[in-house]
1. Select, from 137, 62, 75, the only residue that is modelled with pLDDT of 90 or more and of a type in the set (A, V, I, L, M, F, W, C).
2. Looking at (1) among the β-branched types (Val, Ile, Thr); (2) within 28 Å of residue 21 (Cβ to Cβ); (3) crowded, with 18+ Cβ neighbours inside 10 Å, can you tell me which one residue 104 breaks?
3. Can you list residue pairs whose Cβ atoms sit under 7 Å apart, with the first residue in region 74-91 being in contact (Cβ under 8 Å) with a residue 60 or more places away in the chain and the second being open to solvent by 20 Å² or more (accessible area, probe 1.4 Å) and of a type in the set (S, T, N, Q)? Count only pairs 6 or more apart in sequence or on different chains.
4. Given the residues 62, 37, which is the only one that is free of Cβ contacts under 8 Å to residues at least 24 places away in the same chain and of a type in the set (A, V, I, L, M)?
5. Could you count how many residues in region 107-134 are of a type outside the set (Ser, Thr, Tyr) and buried (at least 17 other Cβ atoms within 10 Å of the Cβ)?
6. I'd like the full set of residues that are more than 14 Å from the chain's Cα centre (by Cα) and either part of a strand (DSSP E or B) or closer than 15 Å to residue 76 by Cβ (or both), limited to region 25-50.
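The values are calculated or read from the model by the stated rules, or taken from the named source; none is laboratory data. Just so it is clear, the model here is predicted, and its values are computed rather than measured. Quick reminder, even Gly has a Cβ in these numbers, built from the backbone with ideal geometry, and neighbours come from all protein chains shown. The accessibility values were calculated without ligands, DNA or RNA, using every heavy atom of the protein model including side chains. Shrake-Rupley method; radii C 1.70, N 1.55, O 1.52, S 1.80 Å.
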Amino acid sequence: STWMMDADGSNIRPFPALPDGSVPTQIHWSPTHPDLVYFARPEEKSLQVMSFNIQKRTVEEVASVPFGQKFEDVVFSELPPPHPDERHFLLRWGGQDRNETMLVVVDSQTGKHWRMDTGIPTHRVRFSKKSDLSVFVNSNSDPARPGQKARTEWIVNLDGTKRRLPKGGGHPDWSP
């Protein structure tokens, strides 16, 4: 279940349902609008990034990409937090260490999207805070040592080039 509470920890309550009665999962709060959350709605042939205003109870499509619940044999797995510019969204198919990973960055203003093949299974993906839309990738795989579990961290650019970061470990995350 998804729950909400006030900033002081009081008033714990279920997350409000959408107008259709469903409750979104994997929500991320807007960096600039305190009543707005984002979530993904994967359909058969496309995937929509949606916004939900919890006060007004309104739902709007923010962006759409032509990749559905599955891309080839890889299943949609995650909508990470939006880029700090709140214009770009990152989507992930596969990953979580076991599968190949496909990432898509979508621009909600132009509808343009970029497919990023990381070349490594991902564990955690997040936008970096840079304006170049680079993506931080945390992996339990090291291409230099195939078959051995090893935590590695990378920055992947829109063109698919990547560079390995020095050892750091952990689950880096940030939110507004």
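1. 62
2. With respect to (1) among the β-branched types (Val, Ile, Thr); (2) within 28 Å of residue 21 (Cβ to Cβ); (3) crowded, with 18+ Cβ neighbours inside 10 Å, residue 104 is out only on (2).
3. 81/175
4. It is 37.
5. 10
6. 36, 43, 44, 45, 46
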